[in-house]
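This report refers to the structure that appears directly beneath it.
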Amino acid sequence: MSSKSDATQRLADLTRLRRVRDRIDREYAQPLNVEALALGAHMSAGHLSREFRLAYGESPYSYLMTRRIERAMALLRRGDLSVTDVCFAVGCSSLGTFSTRFTELVGVPPSVYRRQAAQATAGLPSCVAKQVTRPVRNREAPVAEPQLA
């Protein structure tokens, strides 16, 4: 009987985690933090962080920053906004943190990306440009090596 209730609880937790992820996807430009996300999911911040990492391979904050950087890349490719404008448009409140995180995920600073992206994606439909320029997680969610028993 215990295993059935454990499975039911796990499914309920996964449902709440999906709602948290959907909220991040929807409200990435809003001021979000783990405490606010946890409150909305009726979990403690620590529990949310642990369970989110188990389910999705990265912390809620890392997932949020990845969404923000993806949107920033699209805005920078357009070329009509400054890096500072893009930083604030995607919900970041610190240009330094934004630039550091952008560089970690994309490999070049936002100003360099802005110059290079216009040339690299010229002529591509925006949906294709988004796919080929999507940032890849690196240090936050390393791929676990299979364990041989």
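Structure values in brief
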read-out: Residue match in segment 50-57 (condition: surrounded by fewer than 20 Cβ atoms within 10 Å (Cβ to Cβ), hydroxyl-bearing (S, T, Y) and more than 15 Å from the chain's Cα centre (by Cα)); value: no
read-out: Count of segment 29-81 residues which are under 22 Å from S94 (Cβ atoms) and of a type in the set (D, E, K, R); value: 6
read-out: Cβ-Cβ under 6 Å pairs, at least 6 apart or on other chains, segment 27-42 side loosely packed, with under 15 Cβ neighbours inside 10 Å, far side outside any loop (DSSP other than H, G, I, E, B); value: E35/A45
read-out: Residues (assigned to a loop (DSSP other than H, G, I, E, B) and more than 26 Å from I69 (Cα to Cα)) located in segment 12-57; value: H42, M43, S44
read-out: Segment 75-88, subset of a type outside the set (F, W, Y) and surrounded by fewer than 18 Cβ atoms within 10 Å (Cβ to Cβ), residue modelled with the lowest pLDDT; value: G79
read-out: Number of the condition not met by Q9 [criteria: (1) in the same structural domain as L105 (by TED's automatic domain parsing); (2) in a helix (DSSP H, G or I)]; value: (1)
read-out: Residue in segment 58-74 that is surrounded by the fewest Cβ atoms within 10 Å (Cβ to Cβ), counting only those that are touching a residue at least 60 places away in the same chain (Cβ under 8 Å) and either touching a strand residue (DSSP E or B) at 6+ places or on another chain (Cβ under 9 Å) or assigned to a helix (DSSP H, G or I) (or both); value: E70
read-out: Qualifying residues in segment 94-109 (those that are under 22 Å from E27 (Cβ atoms) and in a helix (DSSP H, G or I)) - the one farthest from the chain's Cα centre (by Cα); value: L95
read-out: Conditions (1) in a helix (DSSP H, G or I); (2) surrounded by 17 or more Cβ atoms within 10 Å (Cβ to Cβ); number of the one not met by G91; value: (1)
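Residue-by-condition table, conditions (1) under 13 Å from R19 (Cα atoms); (2) within 12 Å of the chain's Cα centre (by Cα):
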{"site": "P31", "(1), (2)": "no, no"}
{"site": "V34", "(1), (2)": "no, no"}
{"site": "A41", "(1), (2)": "yes, no"}
{"site": "L48", "(1), (2)": "yes, no"}
{"site": "Y61", "(1), (2)": "no, yes"}
{"site": "I69", "(1), (2)": "no, yes"}
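The values are calculated or read from the model by the stated rules, or taken from the named source; none is laboratory data. Please read all numbers here as calculations on a predicted model, not as lab measurements. As a convention, Cβ positions derive from the backbone with ideal geometry for all residues, glycine included, and neighbour counts pool all protein chains shown.
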